[in-house]
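Here's the structure we're looking at; comments come further down.
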Amino acid sequence: AQRVTQPEKLLSVFKGAPVELKCNYSYSGSPELFWYVQYSRQRLQLLLRHISRESIKGFTADLNKGETSFHLKKPFAQEEDSAMYYCALSHDSNYQLIWGAGTKLIIKP
Amino acid sequence: KAGVTQTPRYLIKTRGQQVTLSCSPISGHRSVSWYQQTPGQGLQFLFEYFSETQRNKGNFPGRFSGRQFSNSRSEMNVSTLELGDSALYLCASTRGGSNTGELFFGEGSRLTVL
């Protein structure tokens, strides 16, 4: 069955430290993967998608099909990165996204 | 252009009552999805509508229902409310022709059941 796993419910790092939010997926075909972010009191919004291969707000994520992972990384965390992060998977046979449970990221000053 | 609009933003109900939440998608978007968000369960998919037809449904009891109108606006209804229905209900829209994965979310309707 298709599944997205975010093993950490909470991740706390100091400002300036590297950040890695883990996402693993289970899918038999060719997945399309996304990271969504929800800042405090703001709407849930798309952060980045793997097909774009771009860096948004200093974050990058590489799809590793061998490890079935799509970890979100940032070399130097900023306080404004504190938010809830969701990893999601899309597949063509269904029009809904499959969501991970989310990771709350706290950046300590 | 205007974003996804959800009404009401906050509401309080008591057990056994029913509630209707409304969602107006971005102009031109024909797909509307509904999610329940709670601290313990994260984002749970309720259902998705496209051109007035329900295309997908999550694993929620029949007390949860929805519909979509010809102008793409959508409503969801929860009948016989239970304490566990207290949550933030999010609506998201997308053009809907294919699953691009980019959903545009509203601010949500926060339901408290007493």
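A short reminder: the numbers here are calculations on the coordinates, not readings from a lab. The shown structure was predicted, so the numbers you read here are calculated from the model rather than taken from an experiment. All Cβ positions, glycine included, derive from the backbone under ideal geometry; neighbour counts span all protein chains shown.
Couple of notes before you dig in:
- Area projected by the alpha carbon convex hull of segment B:21-73, averaged over all directions, nm²: 4.0
- Over chain B, the Kirkwood radius and the radius of gyration, each from Cα atoms, give a ratio Rg/Rh of 0.95.
- For the protein assembly as shown, fraction of C-alpha pairs farther apart than 30 Å, in %: 24
- Segment A:48-97: C-alpha gyration tensor shape, a/c 1.5 cut-off, then a/b vs b/c: prolate
- The fewest-to-most ranking of B:THR80, B:THR94 by surrounding Cβ atoms within 10 Å reads B:THR80, B:THR94.
- For GluC sites (Glu not before Pro), the sites in segment B:9-104 that DSSP calls loop and that have at most 14 other Cβ atoms within 10 Å are B:GLU52, B:GLU82.
- Segment B:30-114: chymotrypsin sites (Phe, Trp or Tyr not before Pro) falling in loop per DSSP and having at most 16 other Cβ within 10 Å: B:PHE69
- Only Lys, Arg (+1) and Asp, Glu (-1) charged, at Cβ; the protein assembly as shown dipole about Cα centre in debye: 320
- Chymotrypsin sites (Phe, Trp or Tyr not before Pro) restricted to DSSP loop in segment A:2-109 with at most 15 other C-beta within 10 Å: A:TYR39, A:PHE76
- With at most 14 other Cβ atoms within 10 Å, longest stretch of chain A clear of loop trypsin sites (Lys or Arg not before Pro) (DSSP): A:66-109
- Partners of A:LYS9 within straight-line reach, counting aspartates and glutamates whose Cα lies under 17 Å from its Cα and excluding those fewer than 8 residues away in the same chain: A:GLU20, A:ASP81.
- Segment A:1-76: equivalent-ellipsoid semi-axes (sqrt of 5 x gyration tensor eigenvalues, Cα, Å): 21, 14, 14
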